[in-house]
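Worksheet: the structure to be examined is printed underneath.
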Amino acid sequence: MSTSHMSKAIIGGLAATLVLAGCGRSDTQGSGGAKGAPISDSPAKGEINVWAMGTEGERLPELAARFRKANPDAKVKVTAIPWQDYAKKVETAIASQDTPDATLVGSADLTNFASTGGLEQVPAGLVDTSSFYRGAAQSTTYDGGTYGVPWYVDTRVLFYRKDLAQAAGVSAPKTWKEYGPFLKALQKQGAKWGLALPTGVAASWQSVLPFMWEAGAHLMNEDNTKFAFDTPEALKGLEYYESFFTSKTSTRNGTVSLGEIEPQFVAGSTAALISGPWETALLKGAGGADFVKDKVGVATLPKGPTSNASFIGGGHWAVFKNAKNRDGAWKFIRWLSRPDVQQDWYEQSGDLPAVQAAWNEGKLTSDPTLAVFRSQLRTALPGPTVTTWKQVAAVLDAEIEKVAKGVSSPKAALERIQAKASAIGTGQPR
Amino acid sequence: MTTATSLKPAREVSSTRQPTQRSRRGSGHLRRTVVAWAFCSPFVLLFGTFGIWPVFSSLSMSVTDITSRDVRTPFSVTFVGLENYTALFDDPTFVRAALNTLYFVAVGIPLTMLLSLAVAVALNSGIQRAKGFFRVAYFAPVVTSIVAVAVVWRYLYKSDGMINSLLSVVGISGPDWLNDPDWSMPALILMAVWRHFGIPMVIFLAGLQSIPPELHEAAVVDGASRWRAFRSVTLPLLRPTTLVVAILLSISYLQFFEEPFVMTSGGPLDSTTSISYYAYQQFGFGNYGVASAASYVLVTAIALLSLLQFRIFRARA
């Protein structure tokens, strides 16, 4: 009895497959088509539904209240969503065509969402693209269109034990040449490890790609259609990464989970680490405010043969094609990228403004740590904006780990990365 | 097989209701059917939508090139036959994931069964006092959130963690458990066994309690040692229980996911990536076709292993 049921069910499933098979992939899908109508300067109206993730989602309503003062007929309704798996929620919304008006998007995910055709292109003249940090603006483009407006940015810089450096009589390294000796000097002051580097955790690539960029690598060809990991520059960068392990400056078994490195840094067993703007708060939590004030130094990444590029991440705003209040959503986003609003938001959240002009006033100009971030942001680069980047990045993570643990040479790793990345492809519209 | 046994009592019930048989063919029967379906329909509807439908939609997805880019236009995908499946077996990461899953199943299931049986026997006979306390204590890991478990076990497994401190007391310098590709799997298996043996233990305990004590006493009177009595009386009578435990465990252990997800993210060097984790990753990359194919490999493996266990245990019973 059960077998006949089973075979019927299988036949049913196959029939469903054949239905799918009957329809070939149309050539027109992919990019979102033409830009929508321009947005007027009149005040926004109606309810604007937005999704925002993490602490941004919790704090945004306060900022939105200010928006309402200038736009009394509009009401911003914020739904806070955890960052964890938010991408699936956005994809599901796009697939079911039941979306809010706008959403915050992690900069690395924008390409993926844009490729589904569910996002609207940024209307012409809404914002001045050149007002943002270049790296941030770069990560809002996909297939010739612009699908997001940068809101806040983050980048990674060098955090080091200032007290150990002073005791050793060295100052923060400016170039690759000074980097190794600097870290060795800190190790002589009692630190077991000079620099904490990721060795196989998710998103290690964000800390390792900068070495390749600093050596002059591009990773993609000119028109973003092919990967280029098998270049001498990329090799130089990866060999430099490897040298930290062979010289015993860094441990081959880097920390596995979040929050593991801070106690080691506070205890002085690890003398330096590469991290983003959130690190100061984490170090305060682990060592107290005095520890951060007296013992933590911050510097831009040391310059390699070509540059001192770091990785740029952050959050963008995007509007859905199925938005009910499209104009209102774009008006809200335009308002969010005003320099004074960006400053307000920095005061409220600590998120670094994506608009360069916002950095010209208040605490953003006076704080020496922020000055370091500011100068790092000028050269920071995003990962390649292709839809398969997450998958290629996972290959990178795996191969980087092999180099770190000493089971693969940088050359062999890059050859495998190039082969796998080429097989995965860039996922541009077929 | 299970349906056949569950049908039996129903048939007996209907045969005792001779007087109502005439009305069965009439409107009463129809009304009863309608009422029955009305009561069943919420479940049937939910189970159909969230249980049955996804099974077949993922089967059809596994033979197409569907990716996250197609979510708005699901009918534009192309039929690719078994390409996703061949791609899987060409991918060294998947092969590694399959081997890791087998490793986990082959070592984890016997360990869990032995431990749960041992504890169940101990609870059933030895420890009379505070039995309830121990039952709860051993069952607690099952109901503890995996996140809380992960936080604690990550501490235990650190290179200078508690496990290595204890080992150093007896002169063994322990490995860096979660960072060493040779030790990461044993570490996760140990944790999984600890986390999962509660349910088999309760099932074994129920099985043990259903064995009439006279049988055991008779064996002892006949001069059998305790071990002999356990082997010749208790174990054979536990066979149906053992089958249930083995099948439940293989179904849940083949889906090995939570431990690598919270502890190692599949690393170091892919040493703890499982088939489920691989499928999860592929879904994350938007490769729904490949992910569905990986899931179906897993489904097939579960079906085959369950079938095999039925065969083995039925042949012996």
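The values are calculated or read from the model by the stated rules, or taken from the named source; none is laboratory data. The shown structure was predicted, so the numbers you read here are calculated from the model rather than taken from an experiment. We place every Cβ from the backbone using ideal geometry, glycine too, and count neighbours over all the protein chains shown. To get the accessible areas, we keep the full protein, side chains included, count just its heavy atoms, and leave off ligands, DNA and RNA. Shrake-Rupley method; radii C 1.70, N 1.55, O 1.52, S 1.80 Å.
Summary table below
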quantity	calculated
Orientation-averaged projected area, Cα convex hull of chain B (nm²)	25.2 nm²
All lysines inside 19 Å of A:LYS174 as judged from Cα atoms, apart from same-chain residues fewer than 8 positions distant	A:LYS162, A:LYS184, A:LYS236, A:LYS303
Carbon + sulfur, % of accessible area of region B:178-317 - ligands and nucleic acids excluded, 1.4 Å	65 percent
Averaged over B:261-267, number of beta-carbon atoms from partner chains that fall within 10 Å	4
Those residues of region A:383-406 for which accessible area with every protein chain present is at least 40 Å² below the isolated value (1.4 Å probe)	A:GLN391, A:GLU401, A:LYS405
Average accessible area per residue (Å²) across the protein assembly as shown - probe 1.4 Å, nucleic acids and ligands excluded	48 Å²
Accessible carbon and sulfur surface of region A:320-381 relative to its total accessible area, %, 1.4 Å	47 percent
Cα-based helix-to-principal-axis angle, A:368-379 vs chain A, degrees rounded to 10	60 degrees
Ellipsoid semi-axes in whole angstrom, largest first, where each is sqrt(5λ) of the Cα gyration tensor of the protein assembly as shown	51, 38, 25
Convex hull per residue volume in Å³, alpha carbons only, for region A:312-383	100 Å³
Region A:254-283 and region A:339-385: distance between their alpha carbon centers, rounded to Å	22 Å
Length-normalised contact order for region B:71-202 - Cα pairs under 8 Å, 6+ apart - percent	33 percent
Long-range Cα-Cα pairs in region A:175-302 (distance over 18 Å), rounded percent	57 percent
Share of alpha-carbon pairs per 10 Å distance bin for region A:131-219, given as whole %	13, 32, 31, 16, 7, 0
Subset of A:LYS295/A:LYS363; A:LYS35/A:LYS226; A:LYS177/A:LYS390; A:LYS248/A:LYS390 violating a 25 Å alpha-carbon distance limit	A:LYS35/A:LYS226; A:LYS177/A:LYS390; A:LYS248/A:LYS390
Neighbour count of at most 10 Cβ within 10 Å plus DSSP loop: longest trypsin sites (Lys or Arg not before Pro)-free window in chain B	B:130-317
Region B:187-262, relative contact order [Cα under 8 Å, separation at least 6], %	42 percent
Amide H contacts of A:LEU352 (H built 1.01 Å from N, under 5 Å, at least 5 apart or other chain)	A:VAL153
Mean ellipticity per residue at 222 nm, deg cm²/dmol - from DSSP H runs of n ≥ 4 across chain A, formula -39500 (n - 2.57)	-14000 deg cm²/dmol
Surface/4 of the Cα convex hull for chain A, nm²	24.8 nm²
Where Rh is the Kirkwood radius over Cα pairs, Rg/Rh for region B:176-220	1.37
Modelled FRET efficiency - R0 22 Å, A:THR129 with A:HIS218, Cβ distances, 0.05 increments	0.55
Accessible area that becomes buried as A packs against B, both chains, 1.4 Å probe, Å², nearest 100	3300 Å²
Value of relative contact order over region A:294-357, rounded to a whole percent, pairs C-alpha under 8 Å and six or more apart	16 percent
Region B:43-147, accessible surface, carbon-and-sulfur percent (1.4 angstrom probe)	77 percent
Qualifying lysines (Cα of each under 22 Å from Cα of A:LYS77; at least 8 residues distant if same chain)	A:LYS45, A:LYS69, A:LYS88, A:LYS89, A:LYS321, A:LYS324, A:LYS331
In region B:130-181, the chymotrypsin sites (Phe, Trp or Tyr not before Pro) that fall in loop regions by DSSP, at most 11 other Cβ within 10 Å	none
Over region B:62-169 - Rg/Rh using Cα atoms and the Kirkwood inverse-distance radius	1.20
Residues along region B:44-73 losing 40 Å² or more of accessible surface when the other protein chains are present rather than the chain by itself (probe 1.4 Å)	B:PHE56, B:SER60, B:SER68, B:ARG69, B:VAL71, B:ARG72
Placed amide H near A:LEU381: partners under 5 Å, 5+ positions off or other chain	A:SER310, A:PHE311, A:ILE312
DSSP-loop trypsin sites (Lys or Arg not before Pro) across region A:292-335, with at most 16 other Cβ within 10 angstrom	A:LYS324
Whole-number D in µm² s⁻¹ for region A:279-398, Kirkwood Cα-pair radius fed into Stokes-Einstein, 10 °C, 1.306 mPa s	91 µm²/s
Average silhouette area of region B:142-298, convex hull of alpha-carbon atoms, in square nanometres	12.8 nm²
Nonlocal amide H pairs with A:TYR133, under 5 Å, H built at 1.01 Å	A:GLN356
